[in-house]
Amino acid sequence: MSVTEQTRATYDVAAIRNDFPILARDVRGRKLVYLDNAATTQKPRQVIDRLVRYYTEENSNVHRGVHFLSELATLEYENARGVVQRFINARSEKEVVFTRGTTESINLVMQAWGRTNVGAGDEVLISAIEHHSNIVPWQMLAQEKGATVRVIPVNDAGELLIDEYERMLNPRVKIVAVGHASNALGTINPLRRIIDAAHANGSLVLVDGAQGAPHIGIDVQALDCDFYAFSGHKVYGPTGIGVLWGRESLLDAMPPWQGGGDMILSVSYEKTTYNALPYKFEAGTPNIAGVVGLAAALQYVSAIGLDAISAYEHDLERYATQHLGEIKGLRFIGTAREKAAVISFVLEGVHPHDIGTILDQEGIAIRTGHHCAQPLMMRFNVPATGRASFGLYNTREEADALVAGLQKVIEVFG
């Protein structure tokens, strides 16, 4: 039995699918085929039940009260921080900051670290396959500080030109901000080489892990990056919750970026003393339910195993790519050798939005558009693509349904 066959034999996708209530519903009279996981994932019953339990049995504000519910909510909130620490193998819970998502995490670094450490004439390196969330904040910083944002180019397969990147490094480069995996193409970047080269140059590295956390085991100590950001809703958790991991020494030196309650030790009209890590970056009442829901999601994913998920999704992506490639007029955008389970494509003579509309009538959910990566679309000279993105509960039968749906698209526009 091959490794691929063994993966399929031991991975109980039917049992996993039973954990996701929404997958049992019909859409427009058809069985739902959900292939928009790069936008957001569906939630297992374990996460849904955890949210219900918080609001029905534990609801209270954290870090403020001495009564039973407040102490219980605080305990569960801080226990969740430990779950995140273990999920990414951080050295300390102090390095785990809760945010609203990857976007806020990147903006936090830009505001609190960037404004202090980036000045006129300095450079920030990003890549040509970044999400807008890892482009726009650095442009804002560069405009304010008189710095420059430079772009690591990609080849026609959607892979970073690493030799060119290494030539771009110079003493002016303060930080390199790159994605773990591309939301638009699926490209998995060679992070260790990127990080090692940046550190040899004296530059820091921020990793946008929004598309890494659901598909790839994360070990921030092994990666040796300086910041890592990801979102709960991409990894089967609630929306509105995310994580910024940062080296303790860096976070400790960074000023708060928001002021308010809970990020302080003492306040007077003359002076405010800020709280210890990680609380100085968590102003105001946090998304407590989101935090405990995130912990439930990470525990769910960990119980299945990231290695098993990655192997299963890789097999599914290869299967879907093979059969989609047999469709006349279909062209893949992004054919990197190392890919997450994301397939981006165009169909000759059909606008991607029309593809998405017709597939929706078949109960098939894909994403169409520029995927918050407009510069990347310009690089490949397309206005938009169709994107099928797979998750841990998707099946070969759903890939077959996508192929059949695209054949219907061709019939309509043929």
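The values are calculated or read from the model by the stated rules, or taken from the named source; none is laboratory data. Here the structure is a predicted model, which is why all the values come from computation and not from measurement. Note: ideal-geometry Cβ built from the backbone for every residue, glycine included; neighbour counts use all protein chains shown.
Give just the number: which of (1) assigned to a helix (DSSP H, G or I); (2) within 17 Å of the chain's Cα centre (by Cα) does residue 229 not satisfy?
(1)
Restricting to segment 220-273, give me the number of residues that are surrounded by fewer than 16 Cβ atoms within 10 Å (Cβ to Cβ) and within 19 Å of residue 110 (Cβ to Cβ).
Matching residues across segment 220-273 total 6.
Take segment 336-365 and flag every residue that is loosely packed, with under 15 Cβ neighbours inside 10 Å and under 18 Å from residue 380 (Cβ atoms).
Matches in segment 336-365: 337, 348, 349, 353.
If I filter segment 91-100 for residues that are of a type in the set (Gly, Ala, Ser), within 29 Å of residue 220 (Cβ to Cβ) and crowded, with 17+ Cβ neighbours inside 10 Å, do I get at least one hit? Explain how you work it out, then say what you get.
Initial filter on segment 91-100 (of a type in the set (Gly, Ala, Ser)): 92.
Still in the running and within 29 Å of residue 220 (Cβ to Cβ): 92.
Among the residues that remain, those that are also crowded, with 17+ Cβ neighbours inside 10 Å are: none.
For segment 91-100, residues of a type in the set (Gly, Ala, Ser), within 29 Å of residue 220 (Cβ to Cβ) and crowded, with 17+ Cβ neighbours inside 10 Å: absent.
What about residue 96, is it at pLDDT 95 or above and farther than 27 Å from residue 372 by Cα? Quick ask: steps written out before the conclusion?
Details: at pLDDT 95 or above: yes; farther than 27 Å from residue 372 by Cα: no.
Criteria not met by residue 96.
Looking only at segment 252-297, count how many residues are in a loop (DSSP other than H, G, I, E, B) and among the β-branched types (Val, Ile, Thr).
1
Determine if segment 322-331 includes at least one residue that is crowded, with 16+ Cβ neighbours inside 10 Å and within 19 Å of the chain's Cα centre (by Cα).
Checked segment 322-331: no residue is crowded, with 16+ Cβ neighbours inside 10 Å and within 19 Å of the chain's Cα centre (by Cα).
What single numbered condition from (1) under 13 Å from residue 226 (Cβ atoms); (2) surrounded by fewer than 17 Cβ atoms within 10 Å (Cβ to Cβ); (3) within 20 Å of the chain's Cα centre (by Cα) fails to hold for residue 196?
Looking at each condition in turn, residue 196 falls short on (3).
Keeping to segment 354-402, report how many residues are more than 24 Å from the chain's Cα centre (by Cα) and without any contact (Cβ under 8 Å) to a residue 40 or more places away in the chain.
Summing the residues that are more than 24 Å from the chain's Cα centre (by Cα) and without any contact (Cβ under 8 Å) to a residue 40 or more places away in the chain in segment 354-402 gives 3.
Do the conditions hold for residue 76, that is, is it more than 16 Å from residue 228 (Cα to Cα), in contact (Cβ under 8 Å) with a residue 60 or more places away in the chain and acidic (Asp, Glu)? Steps first, please.
Values: more than 16 Å from residue 228 (Cα to Cα): yes; in contact (Cβ under 8 Å) with a residue 60 or more places away in the chain: yes; acidic (Asp, Glu): yes.
Yes; evaluated as a whole, the condition is true for this residue.
Residues are listed down the side, and each one gets a yes or a no for (1) modelled with pLDDT of 95 or more; (2) part of a strand (DSSP E or B); (3) more than 27 Å from residue 367 (Cβ to Cβ):
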residue: 42; (1), (2), (3): yes, no, no
residue: 50; (1), (2), (3): yes, no, yes
residue: 66; (1), (2), (3): no, no, yes
residue: 69; (1), (2), (3): yes, no, yes
residue: 75; (1), (2), (3): yes, no, yes
residue: 80; (1), (2), (3): yes, no, yes
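Can you name every residue in segment 371-394 that is surrounded by fewer than 19 Cβ atoms within 10 Å (Cβ to Cβ) and not hydrophobic (A, V, I, L, M, F, W, C)?
374, 375, 379, 381, 383
Looking at the structure I just gave you, is residue 186 touching a Lys or Arg at 6+ places or on another chain (Cβ under 6 Å) and within 21 Å of residue 103 (Cα to Cα)?
Details: touching a Lys or Arg at 6+ places or on another chain (Cβ under 6 Å): yes; within 21 Å of residue 103 (Cα to Cα): yes.
The answer is yes for residue 186.
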